[in-house]
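Undergrad: This is the structure, below, for whatever I ask next.
The values are calculated or read from the model by the stated rules, or taken from the named source; none is laboratory data. Note that this is a predicted model, so its numbers are computed, not measured. Here the Cβ positions follow ideal geometry from the backbone for every residue, glycine too, while neighbour counts run over all protein chains shown. To get the accessible areas, we keep the full protein, side chains included, count just its heavy atoms, and leave off ligands, DNA and RNA. Shrake-Rupley method; radii C 1.70, N 1.55, O 1.52, S 1.80 Å.
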Amino acid sequence: MEGSGIEGLTLQDSHTVPVESEQQRTWVGDTDNFVENMKSLMDYHESQIRISVEGFDTSADPVEIYTSLQNLFKTCGKVDSIEFKIDHVKKQLISPWVVVLIGEGAKEKASLLDGSEVGGRKLTVSPVEQPTDGLSTSVRAARYVADFQRKMSEAISVTGYDPSLPRDDVKSALRKHFASCGEITDILVLDSHALVHLYGLGSVHRAVQLNGTDLGGGFKLTVQPVPYSKPEEAAGSSDA
(Lines give C-alpha, C1' and ligand atoms only; values in the text may rest on other atoms or scores of the structure.)
Protein backbone atom coordinates (compact mmCIF):
# COMPACT_ATOMS: atom_id res chain seq x y z
CA MET A 1 0.00 0.00 0.00
CA GLU A 2 1.73 3.12 -1.24
CA GLY A 3 2.57 5.64 1.49
CA SER A 4 1.44 3.38 4.36
CA GLY A 5 4.71 1.62 5.00
CA ILE A 6 2.96 -1.73 4.58
CA GLU A 7 4.36 -4.09 2.00
CA GLY A 8 2.59 -7.25 0.91
CA LEU A 9 4.61 -10.16 -0.39
CA THR A 10 3.99 -13.63 -1.71
CA LEU A 11 6.94 -16.00 -1.81
CA GLN A 12 6.65 -18.94 -4.18
CA ASP A 13 8.71 -22.03 -4.76
CA SER A 14 11.29 -21.20 -7.43
CA HIS A 15 10.19 -24.24 -9.45
CA THR A 16 6.59 -23.08 -9.69
CA VAL A 17 5.51 -21.92 -13.17
CA PRO A 18 2.51 -19.57 -12.80
CA VAL A 19 -0.46 -20.73 -14.87
CA GLU A 20 -1.15 -17.08 -15.72
CA SER A 21 1.95 -16.98 -17.93
CA GLU A 22 0.39 -19.49 -20.31
CA GLN A 23 -2.89 -17.58 -20.48
CA GLN A 24 -1.07 -14.31 -21.13
CA ARG A 25 0.75 -15.85 -24.09
CA THR A 26 -2.50 -17.01 -25.70
CA TRP A 27 -3.28 -15.21 -28.95
CA VAL A 28 -6.02 -12.69 -28.29
CA GLY A 29 -8.37 -14.12 -30.90
CA ASP A 30 -8.02 -17.82 -30.05
CA THR A 31 -11.16 -18.33 -27.98
CA ASP A 32 -10.83 -22.07 -27.41
CA ASN A 33 -7.30 -21.73 -26.06
CA PHE A 34 -8.32 -18.72 -24.00
CA VAL A 35 -11.12 -20.71 -22.35
CA GLU A 36 -8.89 -23.74 -21.79
CA ASN A 37 -6.15 -21.64 -20.19
CA MET A 38 -8.64 -19.84 -17.95
CA LYS A 39 -10.04 -23.21 -16.88
CA SER A 40 -6.51 -24.40 -16.08
CA LEU A 41 -5.93 -21.26 -14.03
CA MET A 42 -9.21 -21.74 -12.15
CA ASP A 43 -8.48 -25.43 -11.57
CA TYR A 44 -5.07 -24.43 -10.22
CA HIS A 45 -6.59 -21.94 -7.77
CA GLU A 46 -9.25 -24.44 -6.69
CA SER A 47 -6.55 -26.99 -5.89
CA GLN A 48 -4.94 -24.57 -3.43
CA ILE A 49 -5.62 -24.94 0.29
CA ARG A 50 -5.23 -21.65 2.14
CA ILE A 51 -4.24 -21.83 5.80
CA SER A 52 -4.33 -18.85 8.15
CA VAL A 53 -1.46 -18.76 10.66
CA GLU A 54 -1.13 -16.38 13.60
CA GLY A 55 0.41 -16.28 17.06
CA PHE A 56 4.04 -15.95 15.93
CA ASP A 57 6.34 -13.15 17.13
CA THR A 58 5.51 -10.17 14.88
CA SER A 59 8.86 -8.54 15.73
CA ALA A 60 10.84 -11.52 14.46
CA ASP A 61 12.92 -11.68 11.28
CA PRO A 62 10.46 -12.37 8.41
CA VAL A 63 12.93 -14.77 6.75
CA GLU A 64 13.10 -16.82 9.94
CA ILE A 65 9.30 -16.94 10.24
CA TYR A 66 8.97 -17.83 6.56
CA THR A 67 11.53 -20.62 6.81
CA SER A 68 9.97 -21.96 9.99
CA LEU A 69 6.49 -22.05 8.49
CA GLN A 70 7.76 -23.62 5.29
CA ASN A 71 9.48 -26.39 7.25
CA LEU A 72 6.45 -26.88 9.49
CA PHE A 73 3.86 -27.15 6.72
CA LYS A 74 5.88 -29.08 4.14
CA THR A 75 4.75 -32.27 5.90
CA CYS A 76 1.16 -31.41 4.84
CA GLY A 77 1.78 -31.14 1.11
CA LYS A 78 3.52 -28.84 -1.31
CA VAL A 79 4.00 -25.33 0.10
CA ASP A 80 2.99 -23.42 -3.03
CA SER A 81 3.41 -19.95 -1.54
CA ILE A 82 3.33 -17.95 1.69
CA GLU A 83 1.50 -14.62 1.72
CA PHE A 84 2.35 -11.96 4.27
CA LYS A 85 2.54 -8.23 4.95
CA ILE A 86 5.18 -6.12 6.69
CA ASP A 87 4.59 -2.76 8.33
CA HIS A 88 7.86 -0.94 7.67
CA VAL A 89 6.86 2.06 9.78
CA LYS A 90 6.29 -0.01 12.92
CA LYS A 91 8.98 -2.47 11.78
CA GLN A 92 6.88 -5.52 12.48
CA LEU A 93 5.09 -8.32 10.72
CA ILE A 94 1.34 -8.20 10.25
CA SER A 95 -0.59 -11.22 11.43
CA PRO A 96 -2.04 -13.50 10.13
CA TRP A 97 0.06 -14.98 7.37
CA VAL A 98 -1.45 -17.34 4.82
CA VAL A 99 0.27 -20.58 3.85
CA VAL A 100 -0.94 -21.92 0.49
CA LEU A 101 -0.73 -25.69 0.16
CA ILE A 102 -1.36 -28.18 -2.64
CA GLY A 103 -1.88 -31.86 -2.05
CA GLU A 104 -4.42 -34.47 -1.05
CA GLY A 105 -5.44 -34.16 2.59
CA ALA A 106 -3.46 -30.94 3.02
CA LYS A 107 -6.27 -29.16 4.89
CA GLU A 108 -6.73 -31.98 7.40
CA LYS A 109 -2.98 -32.37 7.96
CA ALA A 110 -2.51 -28.60 8.41
CA SER A 111 -5.35 -28.41 10.95
CA LEU A 112 -3.44 -30.89 13.14
CA LEU A 113 -0.62 -28.34 13.42
CA ASP A 114 -2.81 -25.97 15.45
CA GLY A 115 -0.93 -25.24 18.67
CA SER A 116 2.49 -25.97 17.19
CA GLU A 117 5.32 -23.72 18.32
CA VAL A 118 7.47 -21.39 16.24
CA GLY A 119 10.10 -19.35 18.05
CA GLY A 120 8.61 -20.27 21.40
CA ARG A 121 5.13 -19.02 20.42
CA LYS A 122 2.08 -21.22 19.97
CA LEU A 123 0.44 -20.91 16.57
CA THR A 124 -3.23 -20.66 15.78
CA VAL A 125 -3.79 -22.55 12.54
CA SER A 126 -7.12 -22.55 10.70
CA PRO A 127 -8.26 -23.22 7.12
CA VAL A 128 -9.45 -20.22 5.10
CA GLU A 129 -12.79 -21.15 3.59
CA GLN A 130 -13.12 -20.02 -0.02
CA PRO A 131 -16.49 -18.79 -1.31
CA THR A 132 -17.99 -20.82 -4.14
CA ASP A 133 -20.70 -20.17 -6.70
CA GLY A 134 -21.39 -23.85 -7.28
CA LEU A 135 -20.36 -23.68 -10.94
CA SER A 136 -17.78 -25.90 -12.60
CA THR A 137 -14.52 -24.33 -13.71
CA SER A 138 -15.50 -25.08 -17.33
CA VAL A 139 -18.64 -22.97 -17.02
CA ARG A 140 -16.91 -20.18 -15.11
CA ALA A 141 -14.05 -20.06 -17.63
CA ALA A 142 -16.45 -19.87 -20.59
CA ARG A 143 -18.45 -17.09 -18.89
CA TYR A 144 -15.32 -15.16 -17.98
CA VAL A 145 -13.98 -15.31 -21.54
CA ALA A 146 -17.34 -14.35 -23.08
CA ASP A 147 -17.65 -11.37 -20.73
CA PHE A 148 -14.02 -10.35 -21.35
CA GLN A 149 -14.47 -10.54 -25.11
CA ARG A 150 -17.66 -8.48 -25.00
CA LYS A 151 -15.93 -5.77 -22.97
CA MET A 152 -12.87 -5.75 -25.22
CA SER A 153 -14.68 -5.99 -28.55
CA GLU A 154 -14.69 -3.24 -31.18
CA ALA A 155 -17.54 -2.38 -33.50
CA ILE A 156 -18.07 -1.78 -37.18
CA SER A 157 -21.05 0.01 -38.68
CA VAL A 158 -22.65 -1.76 -41.63
CA THR A 159 -25.14 -0.35 -44.13
CA GLY A 160 -26.19 -1.36 -47.66
CA TYR A 161 -27.96 -4.64 -46.87
CA ASP A 162 -31.56 -5.26 -47.93
CA PRO A 163 -33.59 -3.23 -45.39
CA SER A 164 -36.74 -5.24 -46.15
CA LEU A 165 -35.26 -8.41 -44.65
CA PRO A 166 -36.32 -9.51 -41.16
CA ARG A 167 -33.76 -8.59 -38.52
CA ASP A 168 -32.95 -12.21 -37.71
CA ASP A 169 -32.14 -12.80 -41.38
CA VAL A 170 -29.92 -9.71 -41.46
CA LYS A 171 -28.05 -10.88 -38.36
CA SER A 172 -27.58 -14.36 -39.78
CA ALA A 173 -26.24 -12.99 -43.07
CA LEU A 174 -23.89 -10.54 -41.33
CA ARG A 175 -22.61 -13.25 -38.99
CA LYS A 176 -21.68 -15.46 -41.94
CA HIS A 177 -20.22 -12.56 -43.91
CA PHE A 178 -17.88 -11.37 -41.14
CA ALA A 179 -17.18 -14.74 -39.49
CA SER A 180 -13.64 -14.90 -40.89
CA CYS A 181 -12.72 -11.50 -39.43
CA GLY A 182 -12.71 -12.45 -35.75
CA GLU A 183 -14.91 -13.55 -32.87
CA ILE A 184 -18.36 -11.96 -33.25
CA THR A 185 -19.58 -11.09 -29.75
CA ASP A 186 -22.74 -9.18 -30.64
CA ILE A 187 -24.82 -7.93 -33.56
CA LEU A 188 -27.23 -5.04 -33.20
CA VAL A 189 -29.62 -4.34 -36.05
CA LEU A 190 -30.84 -0.77 -35.69
CA ASP A 191 -33.20 1.29 -37.82
CA SER A 192 -30.62 2.74 -40.21
CA HIS A 193 -27.61 0.44 -39.83
CA ALA A 194 -26.21 -2.58 -38.04
CA LEU A 195 -23.40 -2.77 -35.50
CA VAL A 196 -21.21 -5.86 -35.57
CA HIS A 197 -18.98 -6.25 -32.50
CA LEU A 198 -15.75 -8.12 -33.09
CA TYR A 199 -13.05 -9.42 -30.79
CA GLY A 200 -9.58 -10.42 -31.89
CA LEU A 201 -6.31 -8.92 -33.04
CA GLY A 202 -6.88 -7.07 -36.33
CA SER A 203 -10.54 -8.13 -36.56
CA VAL A 204 -11.86 -4.63 -37.33
CA HIS A 205 -9.14 -4.09 -39.93
CA ARG A 206 -10.13 -7.30 -41.69
CA ALA A 207 -13.82 -6.41 -41.50
CA VAL A 208 -13.27 -2.99 -43.07
CA GLN A 209 -11.59 -4.72 -46.01
CA LEU A 210 -15.03 -6.15 -46.84
CA ASN A 211 -16.35 -2.68 -47.61
CA GLY A 212 -18.09 -2.81 -50.99
CA THR A 213 -18.58 -6.58 -50.99
CA ASP A 214 -21.88 -8.17 -51.97
CA LEU A 215 -24.03 -9.59 -49.16
CA GLY A 216 -26.31 -11.18 -51.74
CA GLY A 217 -29.02 -9.98 -54.07
CA GLY A 218 -26.81 -7.23 -55.45
CA PHE A 219 -26.66 -5.33 -52.17
CA LYS A 220 -23.14 -3.97 -51.58
CA LEU A 221 -22.13 -3.22 -48.03
CA THR A 222 -20.62 -0.06 -46.61
CA VAL A 223 -18.40 -1.00 -43.69
CA GLN A 224 -16.86 1.56 -41.33
CA PRO A 225 -15.10 1.25 -37.97
CA VAL A 226 -16.96 2.76 -35.02
CA PRO A 227 -14.64 5.17 -33.17
CA TYR A 228 -16.17 4.60 -29.74
CA SER A 229 -16.44 1.66 -27.37
CA LYS A 230 -19.38 -0.69 -27.34
CA PRO A 231 -22.31 0.69 -25.31
CA GLU A 232 -23.70 -1.42 -22.48
CA GLU A 233 -27.17 -1.12 -23.93
CA ALA A 234 -28.41 0.14 -27.26
CA ALA A 235 -31.76 0.38 -28.93
CA GLY A 236 -32.41 -2.39 -31.39
CA SER A 237 -32.16 -6.15 -31.49
CA SER A 238 -29.13 -7.75 -29.86
CA ASP A 239 -27.67 -11.16 -30.64
CA ALA A 240 -25.59 -11.83 -27.55
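Undergrad: Report in % the part of the accessible area of segment 32-151 that belongs to carbon and sulfur, leaving out ligands and nucleic acids; probe 1.4 Å. All intermediate terms of the calculation are to be shown ahead of the outcome.
TA: Working: 3360 of 6670 Å².
Answer for segment 32-151: carbon and sulfur cover 50 percent of the accessible area.
Undergrad: Once label points are set 7 Å from the Cα along Cα→Cβ at both GLU46 and ASN211, what is their separation, rounded to one decimal in nm?
TA: 4.7
Undergrad: So, by mean Cβ neighbours within 10 angstrom, what's the order for 154-160, 134-140, 31-37 with the highest one leading?
TA: With the highest mean Cβ count within 10 Å placed first, the list reads 154-160, 31-37, 134-140.
Undergrad: Follow-up question, since we're still on this one. Charges only on Cβ, +1 for Lys and Arg, -1 for Asp and Glu: so what's the dipole of segment 85-215 about the Cα centre, in debye to the nearest 20?
TA: My answer is approximately 620 debye.
Undergrad: Follow-up question, since we're still on this one. Over every pair of different alpha-carbon atoms in segment 82-240, take the mean of 1/r and invert it; report that Kirkwood radius in Å.
TA: Here the Kirkwood hydrodynamic radius works out to 20.4 Å.
Undergrad: Using a Förster distance of 51 angstrom, determine the FRET efficiency expected from the C-beta separation of LYS220 and THR132, and round it to 0.05. The partial results should precede the final answer.
TA: Values: r = 53 Å, r/R0 = 1.03.
Here the calculated transfer efficiency is 0.45.
Undergrad: Another question about this same structure. I need to check one value: relative contact order of segment 53-203, counting alpha carbon pairs closer than 8 Å and at least 6 residues apart, in percent.
TA: Values: 195 pairs, mean separation 27.9, N = 151.
This gives 18 percent for segment 53-203.
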